[in-house]
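Written out below as structure tokens is the structure these notes cover.
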Amino acid sequence: MRCLIVTAVDAESEALGSIPDAVIVTGGVGRTNAAAATTEAILTRGPFDLVISAGIAGMLPGVELTIGDVLVAEACVYAEEGLLTPDAFIDMTAMGFPLGDFEGNTVPVDPALLERLPEPVLVGRIATVATCSGSDLQAELIARRTSAVAEAMEGAAVVHAARRLGVRGMEIRAISNHTGDRAQQEWDIPTALHALGEAVPAIIRHLTAD
């Protein structure tokens with residue numbers, strides 16, 4: 001299985017090291033960079049059997065995660081696409097405009113990939129945000145809106161771009177921080193990067209084993 005791994009920044013790519021049969025691309029921060037870099041890599045450096053969005057993430061409130069935990073997205077959820085009214089947020093399904101060949105704001109991950117994950121990898125919904133949650137109010141809003149347990153800035157765009165080009169995709173994140181009021185957040189990026197570097201190769205080996 002030949003794999004494309006898309007990260008946002010060099011530190012994430014460097015944490016992964018060298019992985020057999022994998023191409024690692026530092027695509028830049030945010031959804032536009034992520035989608036463009038994924039598409040470019042598939043078209044110019046493919047073919048690939050699997051695309052992975054890999055990096056660090058912030059845990060959303062009310063979840064049982066700790067810094068350094070590794071989380072695989074069971075679905076990648078666009079947090080902001082929709083309509084914000086005085087009364088509620090209306091997602092793309094309610095608006096009647098499809099983002100792709102999936103329901104609403106939720107980019108699915110291939111169930112067969114999820115079924116092959118090694119124990120005890122954690123699985124949960126991951127929100128893809130354009131604006132990170134630096135206040136308690138924003139963090140709680142994203143958690144309610146998406147039912148996600150963590151947020152990052154690229155996953156849905158990577159998996160979505162891969163899906164459009166007929167390649168299975170998934171998102172793997174190591175928890176680096178809490179979300180919420182910025183002054184109260186706890187951060188440990190080195191621990192998260194170390195966990196990411198340990199987990200991603202192990203998950204790939206497991207997925208590609210006979």
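The values are calculated or read from the model by the stated rules, or taken from the named source; none is laboratory data. Worth saying up front: this structure is predicted, and the values here are computed from it rather than measured. Cβ sites come from the backbone with ideal geometry, for glycine too, and all protein chains shown count toward neighbours. Protein only, heavy atoms only, side chains kept; ligands, DNA and RNA dropped before computing areas. Shrake-Rupley method; radii C 1.70, N 1.55, O 1.52, S 1.80 Å.
Compute the signed sum of charges (Lys and Arg +1, Asp and Glu -1) over the other residues within less than 14 Å, Cβ to Cβ, of Gly134. Working shown, then result.
Details: positive: Arg182; negative: Asp136, Glu140, Glu151, Asp181, Glu186.
With Lys, Arg at +1 and Asp, Glu at -1, the net is -4.
With an 8 Å Cα cut-off and a minimum separation of 6 or more residues, compute the relative contact order for the stretch 73-160 in percent. Walk me through the numbers before you get to the answer.
Numbers: 134 pairs, mean separation 32.6, N = 88.
Rounded, it is 37 percent for the stretch 73-160.
In terms of solvent-accessible area of protein heavy atoms at a 1.4 angstrom probe, what is the ranking of His206, His160, highest value first?
Working: His206 80, His160 25 Å².
Greatest to least solvent exposure: His206, His160.
Heavy atoms of the protein only, probe of 1.4 Å, neighbouring chains included. What is the accessible area of Met1 in Å², nearest 10?
Looks like 80 Å² after rounding.
Where the centroid of each part is defined by its Cα atoms, how far is the stretch 62-83 from the stretch 169-210 in Å?
So the two Cα centres are separated by 12 Å.
Mean Kyte-Doolittle of at least 0.0 and a Cα length of 18 Å or more along the axis: which whole DSSP H helices of the chain meet both? Intermediate results must be reported in sequence, preceding the final value.
On the way: long enough: 31-45 (20 Å, -0.10); 189-208 (28 Å, 0.85).
Sorted by number, the helices that extend far enough and score high enough are 189-208.
Which of the GluC sites (Glu not before Pro) found in the stretch 108-201 are loop residues per DSSP with 16 or fewer other Cβ atoms within 10 Å of their Cβ? Intermediate results must be reported in sequence, preceding the final value.
Numbers: sites: Glu115, Glu140, Glu151, Glu154, Glu171, Glu186, Glu198; in loops: Glu154, Glu186.
Answer in residue order: Glu186.
Just to check I understand the Karplus step: with θ = phi - 60° and J = 6.51 cos²θ - 1.76 cosθ + 1.60, what whole-Hz values come out for the stretch 112-118, glycine and proline as x?
Karplus-based 3J(HN,Hα) across the stretch 112-118 equals 5, 5, 5, 5, 8, 5, x Hz.
Divide by every residue of the chain the summed helix terms, -39500 (n - 2.57) for each DSSP H run of at least 4, and state the resulting mean residue ellipticity at 222 nm, rounded to the nearest 500 deg cm²/dmol.
Numbers: 7 runs with 72 residues, N = 210.
Using -39500 (n - 2.57) per qualifying helix, the result is -10000 deg cm²/dmol.
For the stretch 150-210, what's the relative contact order in percent, using C-alpha pairs closer than 8 Å and at least 6 residues apart? Show your work: numbers first, answer last.
Working: 35 pairs, mean separation 13.3, N = 61.
Computed over the stretch 150-210, the figure is 22 percent.
Can you bin the stretch 106-210 into rounded, prolate or oblate? Criterion: square roots of the alpha carbon gyration tensor eigenvalues sorted a ≥ b ≥ c, rounded for a/c under 1.5, prolate for a/b above b/c, oblate for the rest. Intermediate values should be presented prior to the final figure.
Working: a/c = 2.30, a/b = 1.45, b/c = 1.59.
Verdict is oblate for the stretch 106-210.
Could you pull out every residue, at least 5 positions away or on a different chain, whose amide H is within less than 5 Å of the one on Ile56? Hs are placed 1.01 Å off N in the peptide plane, and Pro or chain starts have none.
Distant-sequence amide H within range of Ile56: Ala174.
In the full protein assembly as shown, how much of Cys132 is accessible to a 1.4 Å probe, in Å² to the nearest 10?
Counting only protein heavy atoms, the figure is 70 Å².
Between Val77, Val23, Val129, where does the largest GNM mean-square fluctuation fall for the chain, given springs only between Cα atoms within less than 10 Å?
Ranking Val77, Val23, Val129 by mean-square fluctuation puts Val23 first.
Relative contact order for the chain using alpha-carbon pairs under 8 Å, separation at least 6, rounded to a whole percent? Present the calculation step by step, with values, prior to reporting the outcome.
On the way: 479 pairs, mean separation 65.1, N = 210.
Computed over the chain, the figure is 31 percent.
Considering amide H positions built from the backbone, and no H for Pro or chain starts, which residues 5 or more places from Ile24, or on another chain, come under 5 Å of its amide H?
Residues meeting the amide H criterion: Ile5.
At 1.4 Å probe size, with no ligands or nucleic acids counted, give the accessible surface of His194 in Å², nearest ten.
120
Comparing Ser133, Ser176, Ser18, which has the greatest mean-square fluctuation in the GNM of the chain with Cα pairs linked when under 10 Å apart?
Maximum fluctuation in the GNM of the chain, among the listed residues, is at Ser18.
Taking θ = phi - 60°, what integer Hz values does the Karplus form 6.51 cos²θ - 1.76 cosθ + 1.60 yield along the stretch 14-22, in sequence order, with x for Gly and Pro?
Per residue, the Karplus-derived 3J(HN,Hα) values read 5, 5, 7, x, 9, 10, x, 6, 10 Hz.
From the backbone phi of the stretch 75-88, what are the Karplus-calculated ³J(HN,Hα) couplings (6.51 cos²θ - 1.76 cosθ + 1.60, θ = phi - 60°) in whole Hz, Gly and Pro given as x?
Here the 3J(HN,Hα) series is 7, 10, 10, 5, 8, 10, 5, x, 10, 9, 9, x, 9, 6 Hz.
Search the structure for amide H atoms under 5 Å from the amide H of Val51, placed 1.01 Å from N in the peptide plane, and list their residues when 5 or more places away or on another chain.
Leu4, Arg168, Gly169, Met170
Report in % the part of the accessible area of the stretch 25-77 that belongs to carbon and sulfur, leaving out ligands and nucleic acids; probe 1.4 Å.
Working: 1040 of 2100 Å².
Summing carbon and sulfur atoms, their accessible area is 49 percent of the total for the stretch 25-77.
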